[in-house]
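The values are calculated or read from the model by the stated rules, or taken from the named source; none is laboratory data. Not measured: the values here are computed from a predicted model. Please note: Cβ atoms are built from the backbone with ideal geometry, for glycine as well, and neighbour counts cover all protein chains shown. Heavy atoms of the whole protein, side chains included, go into the accessibility calculation; ligands, DNA and RNA do not. Shrake-Rupley method; radii C 1.70, N 1.55, O 1.52, S 1.80 Å.
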Amino acid sequence: QARKKYVLLGLCTCCWLLLYYWGGLQECLLGLITHRRGEVARPWPDWLDRVLLPDYADQAELQHGGGPGESPRQRQQTWAGIYKDSHCRMDTCFDFARCQGQSGFRVYVYPPEKGERVSESYRKILTSVAESRYYTSDPREACLFVLGIDTLDRDQLSSQFVPNVDERIRGYPLWNEGRNHVIFNLYSGTWPNYTEDLGFNVGQAILAKASLNTEHFRPGFDISIPLFSKDHPQKGGERGWLVRNTVPPRRKYLLMFKGKRYLTGIGSDTRNALHHIHNGKDIVSLTTCRHGKDWEKHKDARCDHDNQEYESNGWELPFSDVIQWNQAVIEGDERLLLQVPSTVRAVGIDRVLALRQRTQMLWEAYFSSVDKIVLTTLEIIKDRVYSHISRNKLMWNALPGGLLVLPEYSTHLAHYPFYYLNLGISPGQEFTAVIHSTSPLVSQSQPIMKLLQVVSKSKYCSQIIILWNSEKPPPHRSKWPPMPVPLTVTDGRRKTSSRFLPHAAIETDAVLSLDEDTVLLTNEINFAFHVWRSFPERIVGYPPRSHFWDPVKRAWGYTSKWTNEYSIVLTGAAFYHRYYHHLFSHYLPSSLRALVDRTLNCDDILMNFLVSAVTHLPPIKVAQRKQYKEMPALQGSKTAPWANPEHFTQRQECVNTFASWFGYMPLVHSQFRLDPVLFKDHVSVFRKKYKDLERV
C-alpha cells in the first residue's frame, strides 16, 4: 500500500510540475479562486506542538488560518433537525429567574416511570445528583432539571436504547422546549458511522455529551464530558499512579494504544493508520479487527476503504470550558498521525513530568468517579448562572481543583490557603482562638480560666471566641477574667459541629481550635503558630491519632496509641485555616454533620478527613510536653467523653462512615514531627528560644 501511494504521489507531482511549466496551473488556480469566491480557504493542518513553545500560547493564537473544514452536508442536516436551537447561549436559552430565589442553585430529578429501564451508568448519574448538596425534591425550587429517562445510549442497536423519548419529554409540563434542562449522553448514532443523531430534539436543553464534535458543540452552553464505563466507581475512584516528584518521568513505552481497529465507519482511517507508527519497542499499537457482526466481510478494507464523508477529527475535550488542556496533553491532528512519534520524542523530560503531574491532578479532581464527573458538570453550569461569584481558570486547573474551591467564600486567590505558595504570599500574622466549652462555669479554678490567660498572652492572638455549648446559660462578662484581647461568648446551639461553623467574627486566616480542658503553655502556642504559617493548608497541632486497616474485620480501625506514626491531629489543640470552616459547613453533606451532633463525637476526625482530602497530605505534629494528659471530668459536669466505653467504638464507626462517603481513605500516615531548634539538645537553656517546652 505504501509503495502504491508513493508512486501515485510521484506521478501527481510530475503532472503538477508539467502543468506549471506550461503555464496552465496559473490559469487553473485563477479559475478555482473565481469559482469559489467568498469561501474561506481551508488550510492544510499545521502541527503545532504547544508544549515546546516558550510561552505555551493558546491554540487559537497559533493557528494560521481557520479551523477544520465544513462537515458533510448530510451531517449538517441531521444536526439541524435534532438541534433546532443550534445557536443557544445561556442568555438566550436559559431562564436565570428560576435560580435567583432563596433556594438558589437547586437541581430536580424527574421521578422514573413505573417499569422504567435505567442503565447502571445512568443510575449512578442520578444517584450523584440526588446525593449532592444541590438536590431538591420540590420542582418549584429547582433551577436545573435532569430527566429520569435514560438518554445515555442512543444507539438503536443497543439493548439500553429507550424509544419514544421525544414524545415523552414533550409531555412533561416543565419541559418548556428544554429550558433549564441538562441531558446526559455517552453514545449517539449507530455503527458504523455513529452520527450525532440522538433520536430526539434536545431543543434548548444543555447537552452534557461524551465525544462531542467541535462543529456541533455550542460553546458556553453545552458541556463535553468524559466517556466512562458502567464499572466506573460511584465515589472516590482509584488514585493516580504518579508518585510525587517522580524523576525521571520517562518509561519504557513512549506511546501506547490498545483498542478496536474499525474497518469501516467513523474513525476507521485513524485506527487503520496506527500500524504505521507501531515499532514494537517504545511505540506499541495493539488493535483487533473483531468489531461488529460482519467484520470478516471488511477484513481487507485497509487497502480499499477511504471514506470521505465523515470528519473524525476535532472532538471537544471533556470540560474544555474550564480545563486548560494545553497544560496536560500534546494535541495533534489525525491527518498528521505519522508526525506524532518525532514530535513526542522532542519533548523534554521536565515537560513530560509536568504533563504527567497535571493529568494526575485532573484525573483525581474531575474524572476518577461518576460523582466527580456529575458534580463538575453541575459546578460549570452554576458558574455560568452566577458568573459574578464564579471560579477563575487557576482555581479549576490547580490543586485542589474546582470542586473543593467554593467561590461563595471568596473569588480572590489570596483568601485560600493552598494558593499562597504560587502567589508568593504568606498568611496573616495573627490568629483567632476558638474554645469549645460544654461545662458550666462553677469555679474560677477551672481549666478554661487558665487556658484563657495562656492564650491571651500570645502576642499573635487577635481575639478569643468561646462557643458555649453547655445546657446552662453562659455567665455574665464580669465572671470572665480580664484579658488584653477581645473576648466573645457565642451560642454553640448545643451542637458538636458548631465549632466548625464559619463564624463571621473570625477575621484572621489562622484559627486555633481548643477544647476547654486543654493544657498548653504560651510558648507552645507560639511555636505551633510559627509552624502553621509555613504549612497554612494543613492542620498543625499536638495530640496525634492514627487509623489502620483491619484485614480480619475488613474495616478501618482507629487507635490512640502513642507511636511514631500518625494520620490525625485532634482539633482540641490545633491550628488550621478558616476556609476549612466554610468547607466543613457547605461542602460536606448534612448527614455527616448530623452524625457528629447525634453522637457528640467525631467532629475532629471528620475535619481531618476533609483537610487531607483537599491537600492529599497528612497533618503536622509539633513538639509537645510529655506530661500532657487528658484531664479528668470536672465537678458538676458531664462525664468526660473518653471515659464512656462507647466513645472509642463510635470513633471506629465514624472512620468507616466517613471513608464510605468519600469513596476512599483520604487520611495519610506520617512520621514527621517539628521541634524547636535545639529542642532537647544538651546546650545551655539560655540559647533556646522556647525554654519552658522542656520543663517537667
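Worth pointing out:
- Phi angles across the range 496-507 convert, under the Karplus curve 6.51 cos²θ - 1.76 cosθ + 1.60 with θ = phi - 60°, into 3J(HN,Hα) values of 4, 6, 5, 5, 10, 6, x, 5, 5, 5, 7, 10 Hz, Gly and Pro given as x.
- Taking amide H atoms as placed 1.01 Å from N in the peptide plane, the amide H of N213 lies under 5 Å from those of E316, each 5 or more residues away in sequence or on another chain.
- Relative counts (whole %) of C-alpha pair distances in the range 339-401, using bins that are 5 Å wide: 3, 15, 18, 19, 14, 12, 10, 7, 2
- Of the residues L336, Q360, G402, the one whose Cα sits farthest toward the positive end of the charge dipole of the range 329-417, with +1 on the Cβ of Lys and Arg and -1 on the Cβ of Asp and Glu, is L336.
- To put it simply, the accessible area of the range 95-136 at a 1.4 Å probe is 47 percent carbon and sulfur.
- Taking 0.36 nm per residue of sequence separation and removing the Cα-Cα distance, the D282/R598 pair yields an extension gain of 108.0 nm.
- Nonpolar atom fraction for the range 402-533, defined as the carbon and sulfur part of the 1.4 Å probe accessible area, stands at 51 percent.
- Packing rank of 195-206, 130-141, 500-511, where each peptide gets the mean count of other beta carbons within 10 Å, highest leading: 195-206, 500-511, 130-141
- Vicinal HN-Hα couplings computed from phi for the range 418-434 (Karplus, 6.51 cos²θ - 1.76 cosθ + 1.60; Hz; Gly/Pro x): 7, 10, 4, 5, 5, 7, x, 10, 10, x, x, 9, 10, 9, 10, 8, 10
- Loop sites in the range 422-515: trypsin sites (Lys or Arg not before Pro), DSSP, at most 14 other Cβ within 10 Å: K459, R493, R494
- Protection-proxy order for peptides 115-123, 519-527, 376-384, each taking the mean of Cβ atoms within 10 Å per residue, highest first: 376-384, 519-527, 115-123
- Rounded to the nearest whole Hz, the Karplus-based 3J(HN,Hα) values (6.51 cos²θ - 1.76 cosθ + 1.60, θ = phi - 60°) of the range 383-400 follow the sequence 4, 6, 5, 10, 5, 6, 10, 10, 7, 8, 4, 5, 4, 7, 10, 10, 4, x, with x at glycine and proline.
- Near V434, the amide H atoms lying under 5 Å from its own belong to I465, L512, S513, L514; only residues 5 or more places off or on other chains count, and H is placed 1.01 Å from N.
- Proportion of all alpha-carbon pairs of the range 543-601 beyond 19 Å (%): 52
- For A555, residues with placed amide H under 5 Å, excluding near neighbours: D550
- Rounded accessible area per residue of the range 382-452, 1.4 Å, Å²: 41
- Accessible-area composition of the range 168-218, carbon plus sulfur, in percent [1.4 Å probe]: 49
- FRET efficiency for E331 and S590, using Cβ-Cβ distance with R0 set to 51 Å, rounded to 0.05: 0.75
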